[in-house]
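The values are calculated or read from the model by the stated rules, or taken from the named source; none is laboratory data. All figures in this text were calculated on a predicted structure; none of them were measured in a lab. Cβ sites come from the backbone with ideal geometry, for glycine too, and all protein chains shown count toward neighbours. Note: accessible area is taken over every heavy atom of the protein model, side chains too, but ligands, DNA and RNA are not part of it. Shrake-Rupley method; radii C 1.70, N 1.55, O 1.52, S 1.80 Å.
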Amino acid sequence: MAFDRRLVEMIHEHGSWAAIHCHGQLNGVLERIADLGADALHPCEAPPMGDVPLAEVKRRAGNRMCLIGNVQIGDVINGEPAEVDARVRGRAGRLAGRGFILSITASPYEDELSALTLDNYRRFVRSGRRCDSSGEPRGIQL
């Protein structure tokens, strides 16, 4: 971790923000990651991909860095449209307030996006823009 801490320091010394990108199981290393001094952690995967619920990540490390993510790429690629809306509302409501950026956990890895995936990406953005910090719709029309 000393090498990682030094990399974060170097990034800060050059006037930039440092983000740690770590998929999967965070429970055993979450505090060590937060101690690195990074500005953000992505993707904060919810179980079953990760092993720490988002509210727990926020409680343990969210006051030291911005949390990013929590909507699985697989849900966007293959999910039913209503499921995408529900996941966005659920994630937005769990982290009301500052220090969270709603994001997909990864970029698309397909050569071409299917019509469903493209529609779900659009739905993800619309749903996120419609939610206030409690996860409830704000009534914005896009």
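Of note:
- Yes/no for Leu36 being free of Cβ contacts under 8 Å to residues at least 40 places away in the same chain, open to solvent by less than 30 Å² (accessible area, probe 1.4 Å) and over 26 Å from Thr117 (Cα atoms): yes
- Residues in region 1-41 that are of a type in the set (Asp, Glu) and in contact with a helix residue (DSSP H, G or I) (Cβ under 7 Å, 6 or more places away or on another chain): 1 in all.
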